[in-house]
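Student: Got a structure here, written out as structure tokens. Questions coming.
The values are calculated or read from the model by the stated rules, or taken from the named source; none is laboratory data. In this text, all values refer to a predicted model and were calculated from it rather than measured experimentally. A quick note on method: Cβ atoms are made from the backbone with ideal geometry, for glycine too, and the neighbour counts reach across all protein chains shown. The accessibility values were calculated without ligands, DNA or RNA, using every heavy atom of the protein model including side chains. Shrake-Rupley method; radii C 1.70, N 1.55, O 1.52, S 1.80 Å.
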Amino acid sequence: METRQKYTPLLFVTEIIGILLALLFIAPFYFLIVNSFKKLGDILLNASSLPEKINFGNFQRAWEAVEFPRVFMNSFLVTSVSVLALVVISSMMAYRLVRRPTTFNKLLLTALIAAMIIPFQSVMLPLMRVTSWLELRGHFHGIVICYMGFGISLSMFLYHGFVKSVPLEIEEAAVMDGCTPYGVFWRIVFPLLKPITVTVIILNVLWIWNDYLLPMLVINDRMTTIPLAVQKFFGQYLRKWDLAMAALTLSTLPVIAFFLFLQKHIIEGITAGSVKG
């Protein structure tokens, strides 16, 4: 017979703490959505109150002010190309490092893992010099290369743990059937990496889509992304919170929908990659 867990005071306190933490994390979304429907004066008077009247004019004005279709497409192209490059390169690199554990590969793995602890702010000035010297600043491929450089360590680390769980016998059987090394990886190994691939995609999409500092340093006005475009609402003497909230709401909706569609794979992928091998 199944025994029901006794409802103890400790369990009650734990549930209360969980609810309070959930409210804490939901609060920014509440302020964002509620204030996107208000006029600027209402926001300044009471930012936490519900709008007395739903005002959709903020969205139309923000759409036109930031040229939302253009900046949305810029963000989409930068994010999609960068994430695709990270998935391809980091998965192949992790596979190589696992299957060829030479001294050089071990040192390379150690260097990549160590790179994850270096804060971005400490390499800002060298980054600007290097991108200027290589003529990467102001170009689409420049920002993609930068995202690959800063994102490949974590992506490779996640893949590395998961590749260890792939049985080597499957690859040996594929080689006996005449499969090339690239065929073994793309036809046999990579499909088995689906859970961690989804995890890598989600984490990098959330990072790159919302990133502000790196695009500000590397790209120009022609390739402005959404976080940079929203900055125009904050001047030295005036801050247009009503339009900024509307623009941020528009930019947040696609990535929230994307996250909710794939979020069940995050824990699955990270857990599998960390305990297997």
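Student: Over all Cα pairs of the range 163-216, how is the pair count split among 10 Å bins, expressed in % and running from 0 up to the last occupied bin?
Tutor: Each 10 Å bin holds this share of Cα pairs: 21, 34, 21, 17, 7, 0.
Student: Now for a separate question. Between helix 103-115 and the chain, what is the angle of the helix's C-alpha long axis to the longest principal axis, kept within 0 to 90° and rounded to the nearest 10?
Tutor: 10
Student: May I pose another question? Can you compute the FRET efficiency between I89 and K232 using 1/(1 + (r/R0)^6), with r the Cβ-Cβ distance and R0 = 30 Å? Round to the nearest 0.05. All intermediate terms of the calculation are to be shown ahead of the outcome.
Tutor: Values: r = 34 Å, r/R0 = 1.14.
My answer for the efficiency is 0.30.
Student: Can you give the charge dipole size of the range 1-119 about its Cα centre, rounded to the nearest 20 debye, using +1 on the beta carbon of Lys and Arg and -1 on the beta carbon of Asp and Glu? Don't skip to the end; give the middle numbers.
Tutor: Working: 11 positive and 6 negative charges, 109 e Å.
That gives a dipole near 520 debye.
Student: Report the full-extension gain for the segment I54 to W133: residue separation times 0.36 nm, less the Cα-Cα distance, to one decimal in nm. Mind showing how you got there, number by number?
Tutor: Numbers: separation 79, 0.36 × 79 = 28.44 nm, distance 5.06 nm.
Stretched fully, the I54-W133 segment lengthens by 23.4 nm.
Student: Quantify how much of the Cα-Cα distance distribution of the chain extends past 36 Å, in percent. Numbers along the way, then the final one.
Tutor: On the way: 12619 of 38226 pairs.
So the portion of pairs separated by more than 36 Å is 33 percent.
Student: I would also like to ask the following. Of the options F72, L86, A111, report the single residue whose Cα projects farthest towards the positive end of the charge dipole of the chain (beta-carbon charges: Lys, Arg +1; Asp, Glu -1).
Tutor: A111
Student: Can you pull the three principal axis extents for the Cα set of the range 9-60, in Å, largest first?
Tutor: Principal extents (Cα only, largest first): 49, 21, 14 Å.
Student: Follow-up. For the chain, with every protein chain kept in place, what is the accessible area per residue (1.4 Å probe, Å²)?
Tutor: Values: 17210 Å² over 277 residues.
About 62 Å² of surface per residue is accessible.
Student: A further question follows. Relative contact order (percent) for the chain, with alpha-carbon contacts under 8 angstrom and 6 or more residues of separation? Mind dumping the intermediate values first?
Tutor: Details: 263 pairs, mean separation 85.0, N = 277.
Relative CO of the chain lands at 31 percent.
Student: Take the Cα atoms of the range 95-171, find their three principal axes, and give me the spread along each one in whole Å, biggest first.
Tutor: Each principal axis gives a Cα extent; for the range 95-171 these are 47, 24, 19 Å.
Student: Nearest 10 degrees, 0 to 90: what angle lies between the long axis of helix 9-35 and the longest principal axis of the chain (Cα atoms)?
Tutor: The angle comes out at about 60 degrees.
Student: If one takes the longest principal axis of the Cα atoms in the chain, at what angle in degrees, from 0 to 90 and to the nearest 10, does the Cα axis of helix 124-133 lie?
Tutor: 70
Student: If packing is taken as the mean number of other Cβ atoms within 10 Å per residue, what is the order of 146-158, 69-81, 94-106, highest first? Working shown, then result.
Tutor: Numbers: 146-158: 20.5, 69-81: 17.2, 94-106: 15.1.
Listed from highest to lowest mean packing, they are 146-158, 69-81, 94-106.
Student: Tally up the carbon and sulfur contribution to the accessible surface of the chain as a whole percent, 1.4 Å probe, everything protein left in place. Write down the numbers at each step before the final one.
Tutor: Working: 11870 of 17210 Å².
Of all accessible area on the chain, carbon and sulfur atoms account for 69 percent.
Student: What is the magnitude of the charge dipole of the chain about its Cα centre, with +1 placed on the Cβ of each Lys and Arg, -1 on the Cβ of each Asp and Glu, and no other charges, expressed in debye to the nearest 20?
Tutor: Working: 22 positive and 15 negative charges, 56 e Å.
Rounded to the nearest 20 debye, it is 280 debye.
Student: Ok, one more. Spelling out what I want: for every residue of the range 205-216, take phi, set θ = phi - 60°, compute 6.51 cos²θ - 1.76 cosθ + 1.60 (Karplus), and round to whole Hz; glycine and proline get x.
Tutor: Once θ is set to phi - 60°, the couplings for the range 205-216 become 5, 4, 6, 6, 4, 9, 6, 10, 5, 5, x, 4 Hz.
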